[in-house]
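Quick notes on the structure that follows.
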Amino acid sequence: RNGQACEDRTSVGARLQGAPKLQLQRGYRVNHTRSNKEIDACCRLRPDDALLLENAIEKLGLSARAWHRIIKLARTIADLAGSEDITTAHLQEAIGYRRLDRPLRGRG
């Protein structure tokens, strides 16, 4: 696995339990329940990352609503990693998960 050690269930469980606590401390609500306005205020993307997300949404044929859904997921991924900011890697991972939700074009 690219030289990375696998995490045991106990440490994964602790991180999963810790993420909502971080979210509540930061904004009184967990990420998935925040409004788009709240997400815009607390989850600002760097210009390069905003362009990355814009291009991904266009390429994948996603709706405008997908923008905030992906940012919420990227924020949660950043929380699980213990990061204060959403990095390009967090955003790419969230886009990748969204891509998995989409049916492949040209297949039927």
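The values are calculated or read from the model by the stated rules, or taken from the named source; none is laboratory data. In this text the structure is predicted, and so the values were computed from the model without any measurement. Here Cβ is always computed from backbone atoms with ideal geometry, including for glycine, and neighbour counts include all displayed protein chains. Ligands, DNA and RNA are excluded from the accessible area calculation, which covers all protein heavy atoms including side chains. Shrake-Rupley method; radii C 1.70, N 1.55, O 1.52, S 1.80 Å.
How much accessible area does residue 59 have with a 1.4 Å probe, in Å² rounded to the nearest 10?
Roll a 1.4 Å probe over it and residue 59 shows about 150 Å².
With each pseudo-label sitting 7 Å past Cα toward Cβ, what's the residue 64-residue 50 distance in nm, one decimal?
Modelled inter-label distance: 1.6 nm.
Sorted by accessible area (1.4 Å probe), largest first, how do 85, 49 line up? Don't skip to the end; give the middle numbers.
Numbers: 85 105, 49 5 Å².
In descending accessible area the options line up as 85, 49.
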